[in-house]
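S.K.: Sharing a structure here in structure tokens format.
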Amino acid sequence: MARILALDYGKKRTGIAVTDELQLIASGLTTVQTPDLINFLSEYFKKEKVERVLVGEPKRMDHSPSESEVYIQEFLKKFSEKFPDMPLERVDERFTSKMAVQSMIDSGLKKKKRRDKALVDEISATIILQTWLYE
């Protein structure tokens, strides 16, 4: 089997999470500066077998797209052009940032470490991946 990759896409940074090869465990991989994301993915796909990529879909409470969806759509177009054979799925990402911060609190991370936006993005990507795995 191949891995599944999840992205918590942001204008500045993108959190990335990945499964193990058996697709049982979701783990945070890293956070990448968004302008470097396509290059990072290209290198990662050369090293690892990836079955599909999940991209968070930010929605408002009324299910309408959030304002950041415009940037995500631009990325999705570039992604599809660069990796036309890679399956891409969207996953509702409402509350993932809040859940990420709460998980940091629950795990005992100090306040200074909880302010690390890159870590929040990585944990958010992990939550997106877990949501998809356990649906």
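S.K.: Could you calculate the FRET efficiency of Asn39 with Arg90 from 1/(1 + (r/R0)^6), where r is the beta carbon distance between them and R0 is 22 Å, rounded to 0.05?
M.R.: So, using R0 = 22 Å, E works out to roughly 0.45.
S.K.: Additional query: Using packing as a proxy for protection, rank 49-59, 7-17, 70-80 so that the peptide with the highest average count of other Cβ atoms within 10 Å comes first.
M.R.: By packing density, highest mean first, the sequence is 7-17, 49-59, 70-80.
S.K.: Please state, as a whole number in µm²/s, the translational diffusion coefficient that the Stokes-Einstein equation yields for the range 1-76 at 25 °C and 0.890 mPa s, with Rh defined as the Kirkwood radius across alpha carbon pairs.
M.R.: The Stokes-Einstein estimate is 186 µm²/s.
S.K.: Something else about it: Please work out the FRET efficiency for the pair Lys78 and Glu48, using the Cβ-Cβ distance as r and a Förster radius of 25 Å; give the result to the nearest 0.05.
M.R.: Given R0 = 25 Å and the Cβ-Cβ separation, E is 0.75.
S.K.: Put one equal scatterer on each alpha carbon of the chain, apply the Debye formula with no solvent term, and list log10 I(q)/I(0) at q = 0.09, 0.10, 0.11 1/Å to two decimals.
M.R.: Here log10 of I(q) over I(0) equals -0.24, -0.30, -0.37.
S.K.: Here's another thing I want to ask about it. Over the chain, what is the relative contact order in whole percent, taking alpha-carbon pairs under 8 Å and six or more residues apart?
M.R.: Relative contact order of the chain: 34 percent.
S.K.: As a check on your grasp of the helix formula, calculate [θ] at 222 nm for the chain: sum -39500 (n - 2.57) over DSSP H runs of n ≥ 4, divide by the residue count, round to the nearest 500.
M.R.: Calculated mean residue ellipticity at 222 nm is -13000 deg cm²/dmol.
The numbers here are math on the coordinates, done by the rules we state, and not lab data. Everything numeric here is computed off the predicted structure, so don't read it as measured data. Note that each Cβ is placed from the backbone with ideal geometry, even for glycine, and that neighbours are counted across all protein chains shown.
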